[in-house]
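**Q** I'd like to ask you about the structure that follows.
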Amino acid sequence: MGGRGRGSRSRTQRKHFRDGRENVWKRPKSDSASSDPNSNNNSENKTHWQPFSTQNPAFDEYYKEQGIVTAEEWDTFVEVLRTPLPAAFRINSSSQFCEDIKSQLENDFMNSLKAETTDGGEVEAIRPLPWYPDNLAWHSNFSRMQLRKNQTLERFHEFLKLENEIGNITRQEAVSMVPPLFLDVRPDHFVFDMCAAPGSKTFQLLEIIYQSTKSGSLPDGMVMANDLDVQRCNLLIHQTKRMCTANLIVTNNEAQHFPGCRADKNGSKASEMEIEPQISQLLFDRVLCDVPCSGDGTLRKAPDMWRKWNPGMGNGLHSLQIQIAMRGLSLLKVGGRMVYSTCSMNPVEDEAVVAEILRKCGGSVELVDVSSELPQLVRRPGVRKWKVRDKDLWLASHKDVSKFQRYHILPSMFPSGKSYVAPANKDLEHENGENAISEDGILPTEDASTEDLIEEVSDLPLERCMRIVPHDQNSGAFFIAVLQKLSPLPAIQEKPSKKRNLFKKNPEVQGKLLDQVTEDNSGLEPDSRDVAVEKISEAATEADLIVDEPDEADMEPDPSNISNQDSEETKALVNGETDSGKAVGKRKLQLQGKWKGVDPVLFFKDESIINSIKMFYGIDESFPFDGHLISRNSDKNHVKRIYYVSKSVKDVLGLNFRVGQQLKIASIGLKMFERQTSREGTATPCSFRISSEGLPVILPHITNQILHASSVDFKHLLQYKAIKFADFVDAEFGEKASKLMMGCCVIVMRDSKTMSDPIKVDASTIAIGCWKGRSNLSVMVTAIDCQELLERLSVRMEAEKGSSVQENKFNVDELQLNGASKVEESETTQLAADP
């Protein structure tokens, strides 16, 4: 990423764009001056900036013709598109501090920021998005410069940064939050996010999966998040790591060729691999198909797209989008729901793709009417007629396409989807007669104007799709279609054709694709161009623009052809015994060599280590260990981390082994245990500590090495990081801590309401991992986690203090009232006694 020549300038432009409420994406004058040989490129020119153009006549002409907004509202539509995108963020509903954060926003920041106005004179500060459930999504109208300009705004900015890094909130463009809401996900669902990076929607899906899950337990469902690009997969892993989940698998496969992992009945038996045959094929209850697109719906956060946008960007991705969507439907269970979405406004990438999907699937897939769902979300129905633009030519149907255009202008791009083949004699007439075809393949008799074209109208219910446009609710643009699978898909005979490498002969194709921006982060997220380049790298290297290569399916080993020897090798791989020194066959090397440079995924079965962990922490039998522990190191003697997976992930992983590891797994499981040695060099009974990520899951099952601390001592541990046993405020706690075994231990903050010692764990329990040394306790929590916990404790203590003050005030008022009543009664009695 750092090697791109434009990288530093893009970051600078991004900074200026976010720092104001007007169009302040700027270009250095030296850029324009450098093209003039007579200009003086002095240092003064390099330090001055000029506004970046947000005009594109081709864009205006294209979308005026498509009619996605009326002529009367066109000026408003374009005016909003040229303004910076407001920041938005979402509270993690599965966070322990979800209600605390929501309360802080509603009762603290909403009030304290009311007096603040933006540079544009807007009064609006922050507010919950009305269409998002439970006030979990918020809209902020401040830029970064505004967030820093005074103490009140700076405090809000620091709050956003800290909570985002911890994972309590996710900064995400508002319209990007919409597609997962229409999936109707439940905690027991298997969900597939086909093109997932950078991961905001994946995080959102995980939040929904974890809703209503009790503390210390895991949901029955799981999320499979996929992205083709390795660098984007790393971004996806970084984003979802904040969720601390055992119900996620991140894969690095082609979306349009994603393996179905169908287990052959004659293949390796489950008993040979010590894996219970829970599932025989990888199918999903819900599929999110947020495909690579031209991304013109993101112009507000990436206005440099204005000067590079052209209609060909959408045309070039149309086939890939269909392929990905069709693969998603094939992996969807009957009765399941798939959401197809783009951040493009282009009907060729939107309605045309949905229409082609419906035609291919016949009656097996239904376009669902969701107009009654999320009623406060302003959306517009999909269109049923549109045209295709190729260079300077408008095309209303495939009949208008010359034979030289038909290799890239496809019938599926038009509303009817019908193909047209010109009679052979007509082609000869054009070749030999006076109406010869021009060099561009366009007939001279064809008129590029739209007036003479007969428009096609789709007979499909495309109005059930929805398009979100920027000026309706001050957002970006997005397209969403909800599909339900009613029956198995019909057999489709044709196979997607591989096209030649267009990059070699036409470098402009690559340049055009680099201009796409497709994901979902708000102006507070990483550079959108950096994200876009990776996303479009994915689009460019997938089906339509690559050199002829064998399909993934052709590279997969057939499970039915695996010999007995291969089965034993697969069993050894599952059991983590690849370093046994035994000779491995050719098939084994192919299985490992297929995904080069990727750490292996192995079930961890070292009983000596597992038993030492169980005994040391007193982990009760209710916590499932068997088959749930994963290692990423084939050398079991040098395992540094042990990961934990849910039952759903375990079943998918077992299936993946049975079919020859077709999934290229980049990340899996929740880091539960990590090898740790004493700084003092003293041997400890257990060489593995509990990780901070895994502690909430295993906490209810720990019976040894766990203590209650008062809120004062707990806060001191977070502040000072290490405290000697004799220095704790609660001397009894210090004495108990000194008697713990050397090594990792868990300290739970004692609730002021429950002072008894049987430690009960619920959603409000706050606990941290510590290290018991010879003379002290030291925390094993990152500095930012300590900061967050201290913030949360302060908020809670203030709330408790306020509640206590109110209670005391009520008691005082009651005493005063009772006292006044008694005085009045006494006075009345005395008056009655006086003559």
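**Q** So is residue 734 assigned to a loop (DSSP other than H, G, I, E, B), of a type in the set (Gly, Ala, Ser) and crowded, with 16+ Cβ neighbours inside 10 Å or not?
**A** Working: assigned to a loop (DSSP other than H, G, I, E, B): no; of a type in the set (Gly, Ala, Ser): yes; crowded, with 16+ Cβ neighbours inside 10 Å: yes.
It is false that residue 734 is assigned to a loop (DSSP other than H, G, I, E, B), of a type in the set (Gly, Ala, Ser) and crowded, with 16+ Cβ neighbours inside 10 Å.
**Q** Let me ask something additional. Under the condition of being crowded, with 18+ Cβ neighbours inside 10 Å, among the aliphatic types (A, V, I, L, M) and farther than 30 Å from residue 223 by Cβ, which residue from the range 141-194 is modelled with the lowest pLDDT?
**A** Among those that are crowded, with 18+ Cβ neighbours inside 10 Å, among the aliphatic types (A, V, I, L, M) and farther than 30 Å from residue 223 by Cβ, it is 147.
**Q** Tell me, which strands (runs of 3 or more DSSP E) lie completely within the range 359-412 with 1 or more residues that are closer than 19 Å to residue 312 by Cα, touching a strand residue (DSSP E or B) at 6+ places or on another chain (Cβ under 9 Å) and among the aliphatic types (A, V, I, L, M)?
**A** Details: elements: 365-367, 388-390, 393-395.
Strands (runs of 3 or more DSSP E) meeting the threshold: 388-390, 393-395.
**Q** Find all pairs meeting these conditions: Cβ atoms under 7 angstrom apart; at least six residues apart or on different chains; first residue within the range 308-334 and closer than 22 Å to residue 345 by Cβ and in contact (Cβ under 8 Å) with a residue 60 or more places away in the chain; second residue among the β-branched types (Val, Ile, Thr) and part of a helix (DSSP H, G or I).
**A** Matching pairs, first to second residue: 318/353; 322/353; 322/357.
**Q** Next question. Among all residue pairs at least 6 apart or on different chains, which show Cβ distances below 7 Å where the first residue, located in the range 65-88, is farther than 22 Å from residue 129 by Cα and the second is open to solvent by 60 Å² or more (accessible area, probe 1.4 Å) and outside any loop (DSSP other than H, G, I, E, B)?
**A** That search, which allows pairs on different chains as well, returns 74/64.
**Q** Mind counting the residues in the range 770-789 that are under 17 Å from residue 167 (Cβ atoms) and not in a loop (DSSP other than H, G, I, E, B)? Spell out the reasoning first.
**A** In the first step, residues of the range 770-789 are kept if they are under 17 Å from residue 167 (Cβ atoms); the result is 781-789.
Retained after the next criterion (residues that are not in a loop (DSSP other than H, G, I, E, B)): 783-789.
Number of matching residues: 7.
**Q** Need pairs with beta-carbon distance below 6 Å; first residue more than 17 Å from residue 781 (Cα to Cα) and within the range 716-731, second open to solvent by less than 50 Å² (accessible area, probe 1.4 Å) and assigned to a loop (DSSP other than H, G, I, E, B); sequence gap 6+ or separate chains.
**A** Listed pairs, sorted by first residue: 730/710.
**Q** Given 328, 316, 335, which one is touching a Leu at 6+ places or on another chain (Cβ under 9 Å) and either on the phi > 0 side of the Ramachandran plot or assigned to a strand (DSSP E or B) (or both)? Write out each step before concluding.
**A** Working: 328 fails: either on the phi > 0 side of the Ramachandran plot or assigned to a strand (DSSP E or B) (or both); 316 fails: either on the phi > 0 side of the Ramachandran plot or assigned to a strand (DSSP E or B) (or both).
After ruling out the rest, the residue left standing is 335.
**Q** Turning to a different aspect of this structure: Under 9 Å between Cβ atoms, which residue pairs at least 6 apart in sequence (or on different chains) link something in the range 233-249 that is within 13 Å of residue 219 (Cα to Cα) with a partner that is aromatic (Phe, Trp, Tyr)?
**A** Going by the 9 Å Cβ cut-off, the qualifying pairs are 245/210; 246/643; 246/644; 247/210.
**Q** Out of the residues in the range 637-648 that are open to solvent by 20 Å² or more (accessible area, probe 1.4 Å) and in contact with a strand residue (DSSP E or B) (Cβ under 8 Å, 6 or more places away or on another chain), state the one that is farthest from residue 257 (Cα to Cα). Step through it out loud before you land on a result.
**A** Looking only at the range 637-648, we keep the residues that are open to solvent by 20 Å² or more (accessible area, probe 1.4 Å), and these are 637-638, 640-641, 643, 647.
Next cut, in contact with a strand residue (DSSP E or B) (Cβ under 8 Å, 6 or more places away or on another chain) only: 640-641, 643.
On the way: 640: 34, 641: 32, 643: 28 Å.
Once the filter is applied, the top-ranked residue is 640.
Yes/no per residue for (1) open to solvent by less than 30 Å² (accessible area, probe 1.4 Å); (2) modelled with pLDDT under 70:
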{"site": "744", "(1), (2)": "yes, no"}
{"site": "792", "(1), (2)": "yes, no"}
{"site": "795", "(1), (2)": "no, no"}
{"site": "799", "(1), (2)": "no, yes"}
{"site": "810", "(1), (2)": "no, yes"}
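**Q** For the range 327-385, enumerate the residues that are under 22 Å from the mean Cα position of the chain (by Cα) and among the hydrophobic types (A, V, I, L, M, F, W, C). Before the answer, list the steps.
**A** Filtering the range 327-385 down to residues under 22 Å from the mean Cα position of the chain (by Cα) leaves 327-329, 331-332, 336-345, 349-350, 374, 377.
Correct list: 329, 331, 332, 338, 339, 343, 345, 374, 377.
**Q** Looking at the range 369-377, can you tell me whether even one residue there is closer than 22 Å to residue 133 by Cα, crowded, with 24+ Cβ neighbours inside 10 Å and hydroxyl-bearing (Ser, Thr, Tyr)? Steps first, please.
**A** Step one: of the range 369-377, the residues closer than 22 Å to residue 133 by Cα are 369-377.
Those left that are additionally crowded, with 24+ Cβ neighbours inside 10 Å: none.
No, the range 369-377 contains no residue that is closer than 22 Å to residue 133 by Cα, crowded, with 24+ Cβ neighbours inside 10 Å and hydroxyl-bearing (Ser, Thr, Tyr).
**Q** Out of curiosity, is residue 605 at pLDDT 90 or above, open to solvent by 30 Å² or more (accessible area, probe 1.4 Å) and farther than 26 Å from residue 192 by Cα?
**A** Working: at pLDDT 90 or above: yes; open to solvent by 30 Å² or more (accessible area, probe 1.4 Å): yes; farther than 26 Å from residue 192 by Cα: yes.
For residue 605, the condition - at pLDDT 90 or above, open to solvent by 30 Å² or more (accessible area, probe 1.4 Å) and farther than 26 Å from residue 192 by Cα - is met.
The values are calculated or read from the model by the stated rules, or taken from the named source; none is laboratory data. The structure presented is a predicted model; accordingly, all values stated were derived computationally and were not measured. Using ideal geometry, Cβ is built from the backbone for each residue, glycine included, and neighbour counts are taken over all protein chains shown. In case anyone asks, the SASA skips ligands and DNA or RNA and just uses the protein heavy atoms, side chains included. Shrake-Rupley method; radii C 1.70, N 1.55, O 1.52, S 1.80 Å.
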